[in-house]
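So the structure is just underneath, and the comments pick up after that.
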């Protein structure tokens, strides 16, 4: 069958990239200048005036360019306004991923932007403006860092692998097949963590708690396009823009490590479900 036309995805990427750079300029104006901070309540964590300013800028810029697209952003009543569910194409946005790091004056925060079609990301940017790192991807077009192609780690053995995970994710209750013997690391932004696995800087990512769409949609495409197998904690493929706007955790690793993680999770047959779904996604036109 003929190769799908990928040109629209590159057009979408150019739009996201321009918007992400503008967001970086706004965030830099607030960084280390004592921005106002509020607690969102409900264990949702803090939000700053910078988050809101970036959100307003991105919504204005992106929806002006694509007025028929839906909108899902952490800072725009994401679970209250469900009009996005009627849209085939949706922007999924985290204005500032790593808000706590931003408040603490750490440069390791990111802007995460994705275009999602029928639940699957097709264009994505994860931009860390103060670290001068920009990850990009289009469906079927590969992943890049600062316009250089990136590939996932070639590691095949899980023992000693460099894994991005918080300590509770390696609690023995989550691993009936045995806790993975890995070298644990952490970075503040979940989007950046996923992108780092796509870059091959780390071998895998584990987060077993439910993950918000805006934290992972953009970086999930970047990781997948770099050769990472990515699933939820039970091995199923990720899906975005549902009413709850979450997925049940994320496991991301090259295929051999992903299979080992699934085995350690007590789910050795789950990897085939994820692989079959990803093959289906790549056939999208």
Exercise. So for region 82-158, what are the equivalent ellipsoid semi-axes in whole Å, largest first, each being the square root of 5 times an eigenvalue of the Cα gyration tensor?
Worked result: 23, 21, 12
Seminar exercise, completed: Taking N as the residue count of region 130-197, its alpha carbon Rg divided by 2.2 N^0.38 Å gives 1.35
For this session: Just the number, please: percent antiparallel of the DSSP beta bridges in region 64-221, rounded to the nearest 5.
Result: 75 percent
Exercise. So what's Rg/Rh here for region 7-149, counting alpha carbon atoms and using the Kirkwood radius for Rh?
Worked result: 0.96
For this session: Provide the packing ranking of 104-110, 203-209, i.e. peptides ordered by the mean count of other C-beta atoms within 10 Å per residue, highest first.
Result: 203-209, 104-110
Problem set entry | Computed [θ] at 222 nm, deg cm²/dmol, the chain (DSSP H ≥ 4; -39,500 (n - 2.57); rounded to nearest 500) | -10500 deg cm²/dmol
Exercise. Going by how many other Cβ atoms sit within 10 Å of their own, how do 58, 133 line up, fewest first?
Worked result: 133, 58
Problem set entry | Relative contact order for the chain, counting Cα pairs under 8 Å that sit 6 or more residues apart, in percent | 17 percent
Seminar exercise, completed: For region 162-282, shape from the Cα gyration tensor axes a ≥ b ≥ c, cut at a/c of 1.5 then a/b versus b/c, turns out rounded
For this session: Would you mind pulling out the separation of the Cα centroids of region 127-172 and region 56-88, in Å?
Result: 27 Å
For this session: State the label only: which of [x] 1.12; [y] 1.05; [z] 0.95 corresponds to Cα Rg over 2.2 N^0.38 Å computed from the shown model?
Result: [z]
For this session: Mind ranking 160-166, 87-93, 113-119, 124-130 by how tightly packed they are, going by the mean number of other C-beta atoms within 10 angstrom, highest first?
Result: 124-130, 113-119, 87-93, 160-166
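Every number in this text was worked out from the coordinates using simple rules, so none of it is lab data. Bear in mind that the values here come from a model prediction, so they are computed numbers and not experimental data. FYI the Cβ positions are ideal-geometry reconstructions off the backbone, even for glycines, and counts take in every protein chain you see.
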